[in-house]
Amino acid sequence: MDTIKALLFHINRSQQAYQYYINDKKYYQALRILKANICIYELLTANASLWKGDMQNVIIQYIFHLEDWFEQFRQLEKTRPGLTDSFIFERLDGSPSFPKEIIEKLNQL
């Protein structure tokens, strides 16, 4: 599986996990997002040489979004939630949002 296909798979996986999470906001649902996002982050950073021009800027914003999300996740985990405990995220002030154009741009590569 090439890098682009792997990224698209894990982004789709993350988005599907988010759809489950958004309804109940439970810790076990957030863990699904975490696992997918770790894969995405690793692919984005390990393949940094692939990203050129405008795509590089989108990738960097996505990396920042993920890094901020990971830090918030770690902070929330310090409360030692049970699997079915509520686990609620609110995007941090000034933190980049998920770059929705990433899927279209990856499909163009």
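The values are calculated or read from the model by the stated rules, or taken from the named source; none is laboratory data. Everything numeric here is computed off the predicted structure, so don't read it as measured data. In this analysis, Cβ positions are derived from the backbone assuming ideal geometry, glycine residues included, and neighbour counts consider all displayed protein chains.
Annotation note: Cβ proximity below 6 Å between a residue of segment 48-66 that is more than 18 Å from residue 104 (Cα to Cα) and a residue that is part of a helix (DSSP H, G or I) and among the aromatic types (Phe, Trp, Tyr) (sequence gap 6+ or interchain) occurs for 66/41.
Take residue 84 and decide whether it is over 11 Å from the mean Cα position of the chain (by Cα), at pLDDT 95 or above and more than 19 Å from residue 9 (Cα to Cα). For residue 84, the condition - over 11 Å from the mean Cα position of the chain (by Cα), at pLDDT 95 or above and more than 19 Å from residue 9 (Cα to Cα) - is met. Of all the residues in segment 1-59, those that are over 20 Å from residue 97 (Cα atoms), of a type in the set (Ser, Thr, Tyr) and surrounded by 15 or more Cβ atoms within 10 Å (Cβ to Cβ) number 2.
Taking segment 65-109 as the range and being assigned to a loop (DSSP other than H, G, I, E, B) and within 30 Å of residue 50 (Cβ to Cβ) as the test, the residues that pass are 89, 91, 92, 94, 95, 96, 97, 98, 99, 100, 101, 109.
If the condition is being acidic (Asp, Glu) and more than 16 Å from the chain's Cα centre (by Cα), then segment 37-79 contributes 54, 77. All of 31, 8 fail the test of being touching a residue at least 60 places away in the same chain (Cβ under 8 Å), aliphatic (A, V, I, L, M) and part of a helix (DSSP H, G or I), apart from 8. Scanning segment 87-96 turns up no residue that is among the hydroxyl-bearing types (Ser, Thr, Tyr) and either loosely packed, with under 13 Cβ neighbours inside 10 Å or at pLDDT 95 or above (or both). Going by the conditions given, is residue 91 charged (D, E, K, R) and in contact with a Ser or Thr (Cβ under 9 Å, 6 or more places away or on another chain)? For residue 91, the condition - charged (D, E, K, R) and in contact with a Ser or Thr (Cβ under 9 Å, 6 or more places away or on another chain) - is met.
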